[in-house]
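Data first, discussion second: the structure below is written as structure tokens.
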Amino acid sequence: MPRPADWTEEEIQRLRDLYPSDTSFEEIVEDFPNRTSNALRLKASRLGLRRPTIPSSVFLPSTILLCSEGDGGSKGYLFRCGECNNWIQVNGEDDEAGSVIVCGDCGAKCYFAT
């Protein structure tokens, strides 16, 4: 198995600029076509970089879905995790607005606000 190429100074600087920004993780991955998402997370961790606590992408209309049983009543929400892009289900009745929701896949913390 070939060893991955060393990180260039340009890649490291680009990661330092993008990783803590409001840019979605999916867009960051696209910006590094020769690196896997796990490689990006590992390098960011080693550099001490953190993603924003409240990803701005959570609030975009394309990342939020209202769940219903078909009768028009709300059954909660689905929204995309700003870190890994997986869907998180939140029951609007059980979860208080302002509570922290943790993604079951990547562990990212997001705020649920109605």
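Among the residues here, ARG46 qualifies as loosely packed, with under 13 Cβ neighbours inside 10 Å and at pLDDT 95 or above. Return the pairs, sorted by first residue and then second, in which the second residue is hydrophobic (A, V, I, L, M, F, W, C) and in a helix (DSSP H, G or I), the first residue lies in the range 1-26 and is within 14 Å of ALA44 (Cα to Cα), the beta carbons are less than 7 Å apart, and the residues are 6+ apart or on different chains. Listed by first residue and then by second, the contacts come to LEU15/LEU40; LEU15/ALA44; LEU18/ILE28; TYR19/ILE28; TYR19/ALA44.
What number of residues in the range 1-16 are surrounded by 10 or more Cβ atoms within 10 Å (Cβ to Cβ) and among the β-branched types (Val, Ile, Thr)? Going through the range 1-16 one residue at a time, the tally reaches 1.
The values are calculated or read from the model by the stated rules, or taken from the named source; none is laboratory data. What you see is a predicted model, and the numbers here were worked out from it, not measured in a lab. Methodologically, a virtual Cβ is constructed for each residue, glycine included, from the backbone with ideal geometry; neighbour enumeration extends over all protein chains shown.
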